[in-house]
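Worksheet: the structure to be examined is printed underneath.
What follows is calculated from the coordinates using simple rules that are stated; it is not laboratory data. Since the model is a prediction, treat every value here as computed from it, not as a measurement. Note that we place each Cβ from the backbone using ideal geometry, even for glycine, and neighbour counts take in every protein chain shown.
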Amino acid sequence: MRLEYGLLVAVCLAISGCGGNDVIVKKQMEMEARLEQLVQGNVAANARLTELSGDLKEVQNQVRNHAASIEELKPGYIELKSSLEAIAQKTADPPPLLTPKIEVVNREAPAADKDAAPQDAYMKAFGLFSANNYVQAVEAFESFIRTYPDSEYAGNAQYWIGECHYTQRNYPQALDAFDKVIANYPKGKKVPDAMLKFGYTLIGMNEQAKAKVTLQSLIEKYPKSHAAVKAREKLGRL
């Protein structure tokens, strides 16, 4: 009995000793791992410190270079400043301006603008047309053509005579007026419009066939004109 008890105690002591060793080993491993972390952290910190030290040196070099550049520019700046001060001093008190005396020897009235008269007469006639005073407008446009037959507005005046008659449905007179635009002012700007209204007038006179011929001729001669667009629209409805 005593022998069995002794063996049991020995086994317990052996087991107890093994457990203590495991704890010690575990603690040792944890300390070694912690120490490794500290070492690695220290290495990284040293590397970062070295990097920052290099950056600091580079910044210091740049500052020195800029300082040197500023020193090099100082003489030029001082010279420029002196020049500006000298210029400012010279212009501070400018000499009084001398006003030249101009003596008028021969006074003449300005010549009348010859180009204004035809334009004024044309605009007055057109004003009558715009105010629906067609009878007076016809007289004014006819007077304009007689007075200024070579004016650049002569063809326009003849066209508006036709418009006055067309608006009043005086178709024979309108036809004659538009025909004069085409015949007497072949290079005028109003020729396409005169041909268009010539065709419209023929339609008003129930001359459909002649109107189609006139409108088709307009399209062929002036295909890109606004009057040609109107002519196509009109032909499409005939």
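Summed over region 129-171, the residues that are under 14 Å from Tyr200 (Cα atoms) and either without any contact (Cβ under 8 Å) to a residue 12 or more places away in the chain or among the β-branched types (Val, Ile, Thr) (or both) give a count of 2. Checked against the criterion of being under 21 Å from Asn133 (Cβ atoms) and touching a Pro at 6+ places or on another chain (Cβ under 9 Å), region 160-175 has at least one qualifying residue. The residue that is nearest to the chain's Cα centre (by Cα), counting only those in region 181-238 that are without any contact (Cβ under 8 Å) to a residue 12 or more places away in the chain and over 28 Å from Glu152 (Cα atoms), is Glu233.
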